[in-house]
1. Convert 4 °C to kelvin, take the viscosity as 1.567 mPa s, use the Kirkwood radius over C-alpha pairs of the chain as Rh, and evaluate the Stokes-Einstein diffusion coefficient in µm²/s, rounded to a whole number.
2. Can you compute the equivalent ellipsoid semi-axes for region 57-111, i.e. the square root of 5 times each eigenvalue of the Cα gyration tensor, sorted largest first and rounded to whole Å?
3. What percent does the relative contact order of the chain come to when contacts are Cα pairs within less than 8 Å and at least six residues apart?
4. Starting from the Cα of Asn32, move 7 Å in the Cα-to-Cβ direction to define the label point; list residues of region 86-114 whose amide nitrogen is under 18 Å from there.
Amino acid sequence: MSIQFSIILRTALMLVFSNLFMTFAWYGHLRNLSHKAWYVAALISWAIAFFEYLIQVPANRLGFTQMSLAQLKILQEAITLSVFIPFAIFYMKQPLKTDYFYAGLCILGAVYFIFRS
C-alpha cells in the first residue's frame with residue numbers, strides 16, 4: 001500500500017469517527033433531549049462536538065498533506081452523508097427514502113470530479 005493511499009485511508013477513517021460525534025451533536029438532541037430547554041441541548045451538543053474536533057482537526061491536517069482543500073471537503077461531505085443516512089434510519093427511526101440514493105449519487109459524482117485529476 002502506498003504512503004499516499006495510507007494517508008487518505010487514515011484520514012477517511014478519522015473523518016468517519018469525527019462525523020459520528022458530529023451527527024450526534026447536531027441531531028441526537030432531537031430524540032434524546034426534546035423535553036429539555038434548548039440551551040441544555042446546546043451545552044450537551046457542544047460537549048459532544050468537542051470530541052468531534054479532537055478527531056476532525058488532526059484528520060484534516062493529515063489529509064491536507066496529500067489532498068487539496070477541495071478534495072478534503074468533498075471527502076468530508078461524502079463521509080457525512082454515509083454516516084447520516086444510517087443514523088437517520090436506525091437511530092432517529094426515519095423512513096428510508098429514495099432521495100438518499102439520489103443524494104448519494106450526486107455526492108459520488110462530486111467525488112469523481114474532484115479526484116479525477
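Derivation of every value follows stated rules applied to the coordinates shown; laboratory data play no part. All figures in this text were calculated on a predicted structure; none of them were measured in a lab. Cβ coordinates were reconstructed from backbone atoms using ideal geometry, including for glycine residues, and neighbour counts include every protein chain displayed.
1. 84 µm²/s
2. The answer is 26, 14, 5 Å, longest axis first.
3. The value is 33 percent.
4. Within reach of a label on Asn32, which here means backbone N under 18 Å from a point 7 Å along Cα→Cβ, region 86-114 contributes 86-94.
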